[in-house]
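K.L.:
Supplied in structure tokens, the structure appears directly below.
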Amino acid sequence: MGNDGTTRPGTPRGCERIAYVVGFAENSTYSDVYGGGGAIVGLDCHLIRPVDRPSDTLIVFMHPVGGGMYLPMVRGLARAGHHVLWANSRYRGADYALIMEKVACDLGEAIVDAKERLGYERIVLAGWSGGGSLSMWYQALAEAGQGISDTAAGDPYVVDGARMPAADAIMMLASHVSRHQIFTEWIDPSIHDESKPRERDPELDLYNAANPNQPPYSADFLATFRAAQIARNRRITAWVEDELAAIRASANPNKEFAFTVHGTMADPRWLDPTIEPSERVPGVCYLGDPEVVNDGPVGLARFSTLRSWLSQWGYDTARCDAVASGGRISIPALVVGNTADDACTPSHTQRLYDGIGHDRKRLHIVEGATHYYTGPNGHTHLQEAIGAIDGFLDDYLPA
């Protein structure tokens, strides 16, 4: 038995964990996930719920690529009496060909199944980390009722609005504003030539000891650095669009091209704690040493494809954005931020809250909490966050 009262393999005592697959067919010219064929999609799902406490309300998590079936938050909510679903997208663990429009489709199918087959009447979207912008964008699309007609790359991709039911409340938990925004805040602008990633501008290279710009960074340097990050993202996007145009003009317009992006963890905030001051540890990001992560295999967008870049990482082309979507939702919203978060810094939490265009919203900050509620006080921090969730749901979705 674990310290949090769970029994192996991570199901809270008094709860049941039901693993199942949501399967559906769609027309596709090619498969962008490993195995299964392009026409069949399977979503691995875990339903965790108390065995003796029925409910008509389901808290639904989905992350574009991460699998969080055993996250402390997911287990903690079930232990507190909630029915919780973690639904993996079709891209679980591999985002190199990920299309955000298809992820939104996956979330809709998981919700349709939960309502029609499992009988849940009320849905609470829970956006954890990168799932926050997905949940907010999904809700904006669902409330518009128009479904999806194409991808960010312009490929036809039709999802009926009836397959994207709107939720009844939404929660942003340790979330960032979007994958393309946070990625651009992390990308290394010292790389000017994608074909020569080892050649770096020393005055923009955060990890070069000879760089005259050292923490605490000046406002002028930060402005130059941020502008250079956006410029690099746009250079890659321009190259992607040219490559895709050439493919579409070829004999096989459905072809793709895979490529590598070096230098994707160079955010000055990891080295300079005076930028967006918080309780995060300097020199550390949620994946470890940022200098190592910058060129390591687990960095965001390290491996990509043309269509995925435009849908997922392109600063001007990606559509899934929580702030842009916040003004288009009408349901009650909760934003929970953590002051020692080493992935989603304070400005993201505030931007999420400010972007919601109505007053049925609530902001809760957990002092000292990390991104995953780890550390010696992690359990206490988790209980505080769950208490804020309980209060929010009691006020806006009473039983």
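Derivation of every value follows stated rules applied to the coordinates shown; laboratory data play no part. Since this is a predicted model, take the numbers as computed values, not measurements. Cβ placement follows ideal geometry from the backbone for every residue including glycine, while neighbour counts extend to all protein chains displayed.
K.L.:
Report the dimensions of region 188-252 along its three principal axes from the alpha-carbon atoms, largest first, rounded to Å.
P.N.:
Per principal axis, max minus min of the Cα coordinates gives 53, 23, 10 Å.
K.L.:
Out of all DSSP beta bridges in the chain, what portion is antiparallel? Express it as a percent rounded to 5.
P.N.:
The answer is about 50 percent antiparallel.
K.L.:
Can I ask one more? 7 Å from Cα along Cα→Cβ at both ALA227 and ARG328: what's the point-to-point distance in nm?
P.N.:
A separation of 3.1 nm, rounded to one decimal place.
K.L.:
Right, here's the next one. Taking the convex hull of the Cα atoms, report for region 47-165 its projected area averaged over all directions, in nm².
P.N.:
Numbers: hull surface 29.0 nm².
Here the figure is 7.2 nm², rounded to one decimal.
K.L.:
Quick query: amide H of PHE303 versus all other amide H atoms, modeled in the peptide plane; which residues come in under 5 Å with a sequence gap of 5 or more or a different chain?
P.N.:
It is VAL261, by chain and number.
K.L.:
Name the residues whose placed amide hydrogens come within less than 5 Å of the amide hydrogen of HIS83, ignoring near sequence neighbours (fewer than 5 apart) on the same chain.
P.N.:
When sequence neighbours closer than 5 places are left aside, the close amide H contacts are ILE59.
K.L.:
With loop defined by DSSP as not H, G, I, E or B, and exposure as at most 15 other Cβ atoms within 10 Å, which is the longest segment of the chain clear of exposed GluC sites (Glu not before Pro)?
P.N.:
27-120
K.L.:
If the reach is capped at under 27 angstrom between alpha carbons, list the lysines near LYS102, excluding any in the same chain fewer than eight residues apart.
P.N.:
Candidates past the 8-residue exclusion: LYS115, LYS255.
K.L.:
Separate question: Given Cα pairs under 8 Å that are at least 6 residues apart, what percent is the relative contact order of the chain?
P.N.:
15 percent
K.L.:
Would you please give the FRET efficiency between ARG117 and SER218, computed as 1/(1 + (r/R0)^6) with r the Cβ-Cβ distance and R0 = 41 Å, to the nearest 0.05?
P.N.:
Given R0 = 41 Å and the Cβ-Cβ separation, E is 0.10.
K.L.:
P(r) tail for region 7-116, what percent of Cα pairs lie past 23 Å? Please list the in-between numbers first.
P.N.:
Working: 1775 of 5995 pairs.
Pairs farther apart than 23 Å: 30 percent.
K.L.:
Next question, about the same structure. Between ASP52 and THR374, how high is the FRET efficiency from 1/(1 + (r/R0)^6) when r is the Cβ-Cβ distance and R₀ = 22 Å? Nearest 0.05.
P.N.:
So the FRET efficiency works out to roughly 0.15.
K.L.:
Under the classification rounded if a/c is under 1.5, otherwise prolate if a/b is larger than b/c and oblate if not, where does the chain fall, given a ≥ b ≥ c as square roots of the Cα gyration tensor eigenvalues?
P.N.:
oblate
K.L.:
Here is a follow-up. May I have the pair-distance distribution P(r) for region 182-313, computed from all Cα-Cα distances with 10 Å bins from 0 and rounded to whole percent?
P.N.:
12, 41, 30, 12, 4, 0
K.L.:
Averaged over all directions, how much area does the convex hull of the C-alpha atoms of region 250-301 cover when projected, in nm²? Numbers along the way, then the final one.
P.N.:
Details: hull surface 20.3 nm².
Average of the hull's projected areas for region 250-301 equals 5.1 nm².
K.L.:
From the backbone phi of region 231-244, what are the Karplus-calculated ³J(HN,Hα) couplings (6.51 cos²θ - 1.76 cosθ + 1.60, θ = phi - 60°) in whole Hz, Gly and Pro given as x?
P.N.:
Result, ordered by residue: 4, 5, 4, 5, 5, 5, 4, 4, 5, 4, 5, 5, 4, 5 Hz.
K.L.:
Rounded to whole Hz and in sequence order, give me ³J(HN,Hα) for region 49-56 from the Karplus expression 6.51 cos²θ - 1.76 cosθ + 1.60, θ = phi - 60°, writing x for Gly and Pro.
P.N.:
The phi angles translate into 8, x, 6, 10, 9, x, 8, 9 Hz.
K.L.:
Which longest run of the chain has no exposed loop site in it, a site being chymotrypsin sites (Phe, Trp or Tyr not before Pro) in a DSSP loop with at most 12 other beta carbons within 10 Å, and the site itself not part of the run?
P.N.:
Counting only loop sites that pass the neighbour cut-off, the longest clear stretch is 35-399.
K.L.:
Just to be sure I understand: of the beta bridges DSSP finds with both ends in region 259-399, what percent are antiparallel, rounded to 5? Numbers along the way, then the final one.
P.N.:
Values: 3 of 9 bridges.
Within region 259-399, antiparallel bridges account for around 35 percent of the total.
K.L.:
To continue, here is another question. Treat each spin label as a single point 7 Å out from the Cα along the C-beta direction, and report the ALA162 to ARG234 distance in nm.
P.N.:
Calculated label separation equals 4.4 nm.
K.L.:
Follow-up question, since we're still on this one. With a ≥ b ≥ c the root eigenvalues of the C-alpha gyration tensor of region 224-378, is it rounded (a/c under 1.5), prolate (a/b larger than b/c) or oblate?
P.N.:
Oblate, since a/c reaches 1.5 and b/c is not below a/b.
K.L.:
Further question: Suppose the Debye formula is applied to equal point scatterers at every Cα of region 160-205; what is log10 I(q)/I(0) at q = 0.25, 0.28, 0.30 Å⁻¹?
P.N.:
Computed log10 I(q)/I(0) values: -0.97, -1.00, -1.02.
K.L.:
Let me ask something else about it. Once phi is turned into ³J(HN,Hα) by the Karplus curve 6.51 cos²θ - 1.76 cosθ + 1.60 with θ = phi - 60°, what whole-Hz value does each residue of region 344-354 show in order, with x for glycine and proline?
P.N.:
For region 344-354, the Karplus-derived couplings read 10, 7, x, 5, 5, 4, 5, 5, 4, 5, 5 Hz, x marking Gly and Pro.
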